[in-house]
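The values are calculated or read from the model by the stated rules, or taken from the named source; none is laboratory data. Since the model is a prediction, treat every value here as computed from it, not as a measurement. Heads up, the Cβs are rebuilt from the backbone with ideal geometry, glycines too, and the neighbour counts pull from every protein chain shown. Side chains included, ligands, DNA and RNA excluded: accessible areas come from the protein's heavy atoms. Shrake-Rupley method; radii C 1.70, N 1.55, O 1.52, S 1.80 Å.
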Amino acid sequence: MSVVAPMLVAEEPKRTIAEQIERTLACAILRSEFYPGSRLPSVRTLAVQFETTVPTIQRALDRLAATGLVTAKRGSGIVVNDPERCADLNLLPLWFEAYSRNADRCAKMLGELLELRRVLTVHLFRSSGERVRAAIPKLSLIAMLISSESSLREIAVADAEMTRIVVASVDNFALRSVFETVARLALEAPHVAEALYGDRAAHQKVINAVVAALADPNPAAAALSVERVMANWDAHVVEQFRQRIANPTP
């Protein structure tokens with residue numbers, strides 16, 4: 001298997017100590033290092049383990065509880081919940097981080113999410129093509145901006161803005177949720193931004209093809225074009241992602 005040549009590399013997001021501890025504990029739970037129904041170590045034990053203060057640990061645990069992965073029970077400490085029952089799109093970046101060394105599992109998760117995005121997008125073109133076409137001038141400006149950006153984070157933010165314009169034109173909550181999740185993954189999950197945007201030329205070609213399809217007054221034809229373009233692109237992204245995890249660059 002060939003190693004993907006490094007191109008643009010996403011910057012590691014800056015996090016507070018409490019956020020780092022929260023993510024460390026969340027990933028441990030997602031990897032079943034703490035089983036459902038078990039209890040996390042005490043606040044003081046965690047403070048010693050992470051070499052920090054009790055208030056910092058408490059902030060981390062409050063954040064962790066907000067994800068639904070744990071529940072604070074009076075007299076019982078912090079009880080671990082079943083992560084499989086916390087099927088929240090907001091947890092996806094953490095799932096990817098937890099299994100960042102498992103190429104097949106992460107690639108499967110990314111492929112499933114991109115497939116869901118594609119299905120919703122094609123439905124959008126078929127059902128609301130006219131309203132989406134009205135957004136072409138704004139989309140064209142964002143497409144030009146993407147081509148001039150110099151960092152993966154800037155590209156990811158601009159790409160997310162493009163999808164927000166499309167979703168806003170039809171006010172589709174489900175589509176918004178899926179696209180916002182992909183945007184979060186690009187900014188937070190390891191290797192996702194590189195897989196999506198590292199090949200600048202390929203990404204720009206996809207954007208141009210989608211914008212061109214938007215101009216087609218035939219909703220069925222436009223949807224077919226978008227489905228074909230996105231299916232090829234999604235397969236390319238998933239494979240790039242798999243290779244980057246399997247062959248991490250130093």
Of the candidates ALA60, ALA66, ALA28, the one satisfying the condition of being modelled with pLDDT of 95 or more and farther than 30 Å from ALA246 by Cβ is ALA60
Selection status of ARG184, in a helix (DSSP H, G or I), over 19 Å from ARG133 (Cα atoms) and of a type in the set (Lys, Arg):
yes
Filter segment 78-103 down to the residues that are touching a Lys or Arg at 6+ places or on another chain (Cβ under 9 Å) and either open to solvent by 40 Å² or more (accessible area, probe 1.4 Å) or assigned to a loop (DSSP other than H, G, I, E, B) (or both), then identify the one that is farthest from ALA186 (Cα to Cα).
TYR99
Among the residues of segment 113-121, are any in contact with a His (Cβ under 9 Å, 6 or more places away or on another chain), touching a residue at least 12 places away in the same chain (Cβ under 8 Å) and open to solvent by 10 Å² or more (accessible area, probe 1.4 Å)?
no
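Tell me the residue from ALA215, ALA223, ALA195 that is over 15 Å from ILE155 (Cβ atoms) and either within 21 Å of the chain's Cα centre (by Cα) or surrounded by 14 or more Cβ atoms within 10 Å (Cβ to Cβ) (or both), please.
After applying the criteria, what remains is ALA223.
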Could you say whether any residue in segment 123-140 is open to solvent by 20 Å² or more (accessible area, probe 1.4 Å), modelled with pLDDT of 90 or more and in a loop (DSSP other than H, G, I, E, B)?
no
Total residues in segment 175-187, condition open to solvent by 20 Å² or more (accessible area, probe 1.4 Å) and either in contact with a Pro (Cβ under 9 Å, 6 or more places away or on another chain) or among the hydroxyl-bearing types (Ser, Thr, Tyr) (or both)
3
If you go through segment 148-170 one residue at a time, how many are in a helix (DSSP H, G or I) and either in contact (Cβ under 8 Å) with a residue 24 or more places away in the chain or aliphatic (A, V, I, L, M) (or both)?
15
Failed condition for PRO190, given (1) under 20 Å from GLN240 (Cα atoms); (2) over 17 Å from the mean Cα position of the chain (by Cα); (3) open to solvent by 20 Å² or more (accessible area, probe 1.4 Å); (4) touching a residue at least 24 places away in the same chain (Cβ under 8 Å), with all others met?
(2)
For segment 158-174, which residues satisfy the criterion of being surrounded by 20 or more Cβ atoms within 10 Å (Cβ to Cβ), closer than 17 Å to TYR197 by Cβ and among the aliphatic types (A, V, I, L, M)?
MET162
